[in-house]
Amino acid sequence: MTSGERPSTRHRRERMLELLGAGDGSVHDLAAAFGVSLSTVRRDLAALAGDGRITRTYGGAVDHRVAERSWHDKARQHRTEKGAIARTAAALVRSGDVVLLDAGTTVARLAHELRARTDITVVTNGLSTLVELADAEVEVVVLGGRLRRPNESLLGTRTDQALRGITPDLAFLGVDGLDPRRGVNCPDPEQAALKETMARCARTAWVLADGSKLAGGGGFPYWAAVPPGTGLISGAAEPGCGARDGDDGGAARHLAAFAAAGWSVLPCDRPPAPEDGPGPTPGS
């Protein structure tokens, strides 16, 4: 912070840091929260980024202190939307397809939707997907590698080598955050490299992302670039589906930004009423 700032400006920027730490990183959200213009918010974010306290993202910013959440924590969030995304993705899988499933809670929901299929082959590095399909009739190929926690994925040299020998018809990727131009946000460079390989080795790649993954871009320092035309399946455009603050117009703006950047955007079906009770465990 510069010494010439007014106390009110300094206070507002400190409060912005608190909101960013809680995940509220949209320029529109911050402007509404503080009752200031979008240009004022952008100046504040630019100043905070200049001080190295935040990372600017498409349409907002994120706090450097964002921590990677556990699989179980993620599974309890946005369950209804994730189910709708999984059903929409499952409808894209044709008879005879080789389907690459990444790790992630939304991808695990897709695996659940594919349990009854006997006419496809699933290739995966996700432990939750393996548990979902362990007692199903689907043919499963496991990508070997080192177990990465907390997202329960296999990755490393062996995983990369196995992928080089496969050309999946479809790849479905899980994400922690997403930006229309930078791609998939990742906690470490090895994971970013693996997601790039997955997206590029498949004939068609789709990213599965609930609406909360679109607003802030991501809070981690690494990015996986995806090929032009990569698909995005999200419920963010549906009323009540994925908009963190209930602002469906804002959610639609996020999807429009991805479409404008060359993504193939497929909104999920409107979800049913939210489920009650605790979130699923791997294999539930």
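The values are calculated or read from the model by the stated rules, or taken from the named source; none is laboratory data. In this text the structure is predicted, and so the values were computed from the model without any measurement. Positions of Cβ are generated from backbone atoms using ideal geometry, with glycine treated the same way; all protein chains shown enter the neighbour counts. All accessible areas refer to the heavy atoms of the entire protein, side chains included, with ligands and DNA or RNA removed. Shrake-Rupley method; radii C 1.70, N 1.55, O 1.52, S 1.80 Å.
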* Asked: Taking only pairs six or more apart or across chains, which ones have beta-carbon atoms under 6 Å, a first residue in the stretch 203-221 that is under 16 Å from A193 (Cα atoms), and a second residue that is at pLDDT 80 or above and of a type outside the set (S, T, Y)?
  -> A205/A171; A205/A199; V207/L173; V207/V175; V207/L232; F220/N185; F220/C186; F220/P187
* **Search result, residues across the stretch 85-112 that are surrounded by fewer than 18 Cβ atoms within 10 Å (Cβ to Cβ), closer than 17 Å to A209 by Cα and of a type outside the set (A, V, I, L, M)** => R87
* To do: Pairs only if they're at least six apart or on different chains, beta carbon under 8 angstrom, first in the stretch 81-110 and within 15 Å of T121 (Cα to Cα), second assigned to a helix (DSSP H, G or I) and open to solvent by 10 Å² or more (accessible area, probe 1.4 Å); list them, first residue then second.
  => A90/E113; L100/C201; D102/K195; L110/A90
* Is it the case that some residue within the stretch 24-41 is open to solvent by 60 Å² or more (accessible area, probe 1.4 Å), at pLDDT below 65 and within 21 Å of G211 (Cβ to Cβ)? -> no
* Residues in the stretch 187-221 that are farther than 16 Å from D160 by Cβ, charged (D, E, K, R), at pLDDT below 95 and open to solvent by 20 Å² or more (accessible area, probe 1.4 Å): how many? -> 1
* To do: Can you give me the number of residues within the stretch 103-118 that are under 21 Å from Q191 (Cα atoms) and touching a helix residue (DSSP H, G or I) at 6+ places or on another chain (Cβ under 6 Å)?
  => 6
* Of everything in the stretch 148-161 that's modelled with pLDDT under 90 and farther than 15 Å from P189 by Cα, which residue is surrounded by the most Cβ atoms within 10 Å (Cβ to Cβ)? -> E152
* To do: Could you tell me whether D169 is buried (at least 18 other Cβ atoms within 10 Å of the Cβ) and at negative phi?
  => no
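Looking at L232, L214, can you tell me which residue is within 11 Å of the chain's Cα centre (by Cα), part of a strand (DSSP E or B) and on the phi < 0 side of the Ramachandran plot?
L232
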* Mind listing whichever residues of the stretch 132-145 are open to solvent by 70 Å² or more (accessible area, probe 1.4 Å) and either touching a Phe, Trp or Tyr at 6+ places or on another chain (Cβ under 8 Å) or touching a residue at least 12 places away in the same chain (Cβ under 8 Å) (or both)? => A134, E137, E139, V142
* To do: Could you tell me whether the stretch 235-254 includes any residue that is within 25 Å of Q191 (Cα to Cα), surrounded by 17 or more Cβ atoms within 10 Å (Cβ to Cβ) and modelled with pLDDT of 90 or more?
  => no
* Asked: If only one of R87, R117, R146, R158 is under 19 Å from T204 (Cα atoms) and of a type in the set (D, E, K, R), which one is it?
  -> R87
* Sole residue being at pLDDT 85 or above and open to solvent by 40 Å² or more (accessible area, probe 1.4 Å), chosen from H11, H78 -> H11
